[in-house]
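Following: one structure in structure tokens, then a few remarks.
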Amino acid sequence: DFRLTINSAKTFDFDNPSSLDDDTYKTITGLSRDNFHDVLGHLTTMNNSNVRSVRVALAVFLTKLRLGFSNRVLACLFHLKSKRTVSRIFHQVREALMKYFVPLNLGFQHITRDVVLNYHQTVIATELLTNEPDQIVLIADGPYLYCQKSSNNEFQRRTYSNHKHRHLIKPMIITAS
């Protein structure tokens, strides 16, 4: 799927919002064009530079997260100078998202109890899992996310599971039903 996108597009022009169709946005970044623009709206503190635009910076960041390409490959795909440039871009976007996107969209502080009850809880969850209609159903999950063996020795030791005999990360995810 990604190979077909590369062959048909030959180059990615995220600076021109209409140059890529919605499927290409989804394949490369994991987000639709509308969702990409929504996240882009939270990067208000980032400025365009002579190396990259804010749009390209977000595209590089999301492509790295979605496809796991090395910085060298991303530099080639997005016509950037070096893998160090990609590393700086990744750091800048991550900092901006942590400051302006995460507090408004993730965590318990971004949403009220009433909003969860009225807009995010299903009727089935309320009927099956609560005793009273004003109770909230939360789902907690700790999935295994397998990762490659790292060249960083400390990270390698911290991620190895003697139980699973593999390297993994186990995040805790809590969501409303």
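The values are calculated or read from the model by the stated rules, or taken from the named source; none is laboratory data. Just so it is clear, the model here is predicted, and its values are computed rather than measured. Counting neighbours? That spans all protein chains shown, and the Cβs are built from the backbone with ideal geometry, glycine included.
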- From the list Lys170, Lys164, which residue is among the basic types (Lys, Arg), under 27 Å from Val39 (Cα atoms) and either in the same structural domain as Val39 (by TED's automatic domain parsing) or modelled with pLDDT of 85 or more (or both)? Lys170
- Query: If you go through segment 85-105 one residue at a time, do you hit one that is modelled with pLDDT under 90 and loosely packed, with under 11 Cβ neighbours inside 10 Å?
  - Reply: no
- Check segment 126-138 and report whether any residue there is at pLDDT 90 or above, of a type in the set (S, T, N, Q) and either under 22 Å from Gln109 (Cβ atoms) or exposed (fewer than 12 other Cβ atoms within 10 Å of the Cβ) (or both). yes
- Task: Among the residues of segment 153-174, write down those that are loosely packed, with under 11 Cβ neighbours inside 10 Å and not aliphatic (A, V, I, L, M).
- Result: Asn153, Glu154, Arg157, Asn162, His163, His165, Pro171
- Query: Filter segment 139-152 for residues that are farther than 27 Å from Phe108 by Cα and of a type in the set (Gly, Ala, Ser); which is surrounded by the fewest Cβ atoms within 10 Å (Cβ to Cβ)?
  - Reply: Ser151
- Taking only segment 87-121 into account, find how many residues are among the polar types (S, T, N, Q), without any contact (Cβ under 8 Å) to a residue 24 or more places away in the chain and within 28 Å of Val73 (Cβ to Cβ). 1
- Task: Output the helices (runs of 4 or more DSSP H) that fall wholly within segment 31-132 and possess 1 or more residues being closer than 28 Å to Asp15 by Cβ and hydrophobic (A, V, I, L, M, F, W, C), or say none.
- Result: 33-40, 54-67, 71-77, 83-100, 102-105
- Query: Is it true that Phe78 is in contact with a His (Cβ under 8 Å, 6 or more places away or on another chain), touching a residue at least 60 places away in the same chain (Cβ under 8 Å) and not aliphatic (A, V, I, L, M)?
  - Reply: no
